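Since the structure comes first, as structure tokens, the remarks are kept for the end.
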Amino acid sequence: LVTEAPGPPTVWMADGSPLPFLVRRASGSGVWTQCWSFESDSPANLVTNGSETSVEFADGSHDLIGFEDRRCSVTDRAGKRHRLTGAQPTPPPISKPKVRHSVLPCPLLKHLPPVTDWESEVPRHATVELGAAQYRRSEYECGARGNFSAKVAVFACGDLLCFAVNVVKSELCVRRAEDPDPNLDNEVPDIHSDGVQIYADIDGWSGFLVVPDPDSDGVRVAGIQPTVSEPAAADGAWARTARGYRLLVHVATGRSLRKGDRILVNLIVNEMYSSRQRRAGQLALSGGGGWVYLRGDREHPAHAVIAEVM
């Protein structure tokens with residue numbers, strides 16, 4: 001008999017994917033008996049004979065349990081008889097609600113624009129404004145340290161899936177590669193920096209943590225575990241602005257993107273300040289609410305949006 005059982009929980013503590021396993025019946029009655037004891041003298045042995053099971057203890061005493069129809073009788077080791085009724089029918093399986101993803105227009109551009117010009121190349125209806133409604137906080141609410149907002153877009157160009165952001169933020173706080181690891185809550189150090197996390201379902205759920213390089217117009221890219229991302233597939237550029245910074249990251253998909261393609265994506269903008277050890281919060285394309293504590297770089301595809309190439 002081949003059947004399925006729930007798999008181990010994911011790193012997002014969500015239900016794990018069902019795992020197949022094989023059940024083989026050994027010779028004998030085919031009865032599988034299990035016993036749990038809440039007392040200090042645990043049972044020493046179980047003996048099943050037909051519809052009766054004897055629970056034997058180390059001192060030679062035993063409980064006798066008998067099953068018939070929808071009733072159970074228990075004769076405890078003191079000789080007292082108990083009758084149990086009220087067996088309930090097997091409940092129907094619980095059906096999980098169908099996940100509904102919002103749809104984001106994903107324009108198909110002929111040329112990859114420079115990071116400074118992406119807003120003029122992407123149609124306005126394909127951009128999304130992220131603010132207080134899309135904020136996940138730590139100690140303070142959105143805007144406690146000044147304006148923190150972003151305009152974002154996802155677009156396609158050839159075989160590239162591109163993520164663009166224009167961040168409004170008074171203080172730019174970028175972590176350098178040589179800075180010591182703060183070793184905070186088992187989180188990757190670059191999570192505590194201004195930068196972005198991008199995710200896309202490209203032959204599996206792929207995630208990248210992207211931080212501007214303060215000494216150039218390039219970016220530092222790291223793959224997010226346990227996604228299937230390859231850091232070499234992503235690259236990008238960034239530029240300071242009078243009110244914050246712009247950043248453009250492109251990910252090679254390995255195939256030409258065409259109109260009608262639908263790809264699960266997410267984009268997270270992290271907020272950091274020089275007076276803090278941990279990031280202050282984040283803006284999420286998939287929606288705000290909740291807290292950033294212990295979230296790390298883990299974003300589940302169930303919370304993603306659909307980028308529809310057009």
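Summary table below
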quantity: Conditions (1) outside any strand (DSSP E or B); (2) under 22 Å from A307 (Cα atoms); (3) not basic (K, R); number of the one not met by L161; calculated: (1)
quantity: Candidate set from the stretch 177-203 (those that are in contact (Cβ under 8 Å) with a residue 24 or more places away in the chain and open to solvent by 50 Å² or more (accessible area, probe 1.4 Å)); member that is farthest from the chain's Cα centre (by Cα); calculated: A177
quantity: Boolean, E230 is modelled with pLDDT under 95 and over 24 Å from the mean Cα position of the chain (by Cα); calculated: no
quantity: Filtered residues of the stretch 87-135 (kept if within 19 Å of L285 (Cβ to Cβ), of a type in the set (S, T, N, Q) and either out of contact with any Asp or Glu (no Cβ under 8 Å at 6 or more places or on another chain) or open to solvent by 90 Å² or more (accessible area, probe 1.4 Å) (or both)); calculated: S102, Q134
quantity: Test result for V228, in contact (Cβ under 8 Å) with a residue 60 or more places away in the chain, touching a strand residue (DSSP E or B) at 6+ places or on another chain (Cβ under 9 Å) and within 22 Å of H303 (Cβ to Cβ); calculated: no
quantity: Of the criteria (1) more than 26 Å from V122 (Cβ to Cβ); (2) touching a Gly at 6+ places or on another chain (Cβ under 7 Å), which one V168 fails; calculated: (1)
quantity: Residue match in the stretch 298-310 (condition: closer than 22 Å to P113 by Cα, open to solvent by less than 50 Å² (accessible area, probe 1.4 Å) and part of a strand (DSSP E or B)); calculated: yes
quantity: Failed item in (1) hydrophobic (A, V, I, L, M, F, W, C); (2) touching a residue at least 60 places away in the same chain (Cβ under 8 Å); (3) in a strand (DSSP E or B), with A133 passing the rest; calculated: (3)
quantity: Top-ranked residue in the stretch 226-248 [being open to solvent by less than 20 Å² (accessible area, probe 1.4 Å) and part of a loop (DSSP other than H, G, I, E, B); ranked as farthest from L112 (Cα to Cα)]; calculated: T227
quantity: So S206, is it among the hydroxyl-bearing types (S, T, Y), assigned to a strand (DSSP E or B) and open to solvent by 20 Å² or more (accessible area, probe 1.4 Å); calculated: no
quantity: Residues that are open to solvent by 20 Å² or more (accessible area, probe 1.4 Å), under 21 Å from S149 (Cβ atoms) and at pLDDT below 95, drawn from the stretch 249-286; calculated: S274, S275, R276, R278, S286
quantity: Residue match in the stretch 261-268 (condition: closer than 30 Å to E171 by Cα, free of Cβ contacts under 8 Å to residues at least 40 places away in the same chain, part of a strand (DSSP E or B) and not polar (S, T, N, Q)); calculated: no
quantity: Qualifying positions in the stretch 2-26 - at pLDDT below 65 and under 29 Å from I65 (Cα atoms); calculated: R25, A26
quantity: So P114, is it part of a loop (DSSP other than H, G, I, E, B), at pLDDT below 90 and either of a type outside the set (D, E, K, R) or under 29 Å from A237 (Cβ atoms) (or both); calculated: no
quantity: Count of residues meeting criterion [under 20 Å from the mean Cα position of the chain (by Cα) and free of Cβ contacts under 8 Å to residues at least 40 places away in the same chain] in the stretch 204-224; calculated: 5
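This table checks each residue for (1) among the small types (G, A, S); (2) at pLDDT below 75; (3) open to solvent by 60 Å² or more (accessible area, probe 1.4 Å).
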position: W32; (1), (2), (3): no, yes, yes
position: W36; (1), (2), (3): no, no, yes
position: E39; (1), (2), (3): no, yes, yes
position: A58; (1), (2), (3): yes, no, yes
position: I65; (1), (2), (3): no, no, no
position: E68; (1), (2), (3): no, no, yes
position: T75; (1), (2), (3): no, no, no
position: A78; (1), (2), (3): yes, no, yes
position: T85; (1), (2), (3): no, no, yes
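The values are calculated or read from the model by the stated rules, or taken from the named source; none is laboratory data. Since the structure is predicted, the reported quantities are computational estimates derived from the model, not experimental observations. Don't worry about glycine lacking a Cβ; one is built from the backbone with ideal geometry, like all the others, and counts go over all protein chains shown. All accessible areas refer to the heavy atoms of the entire protein, side chains included, with ligands and DNA or RNA removed. Shrake-Rupley method; radii C 1.70, N 1.55, O 1.52, S 1.80 Å.
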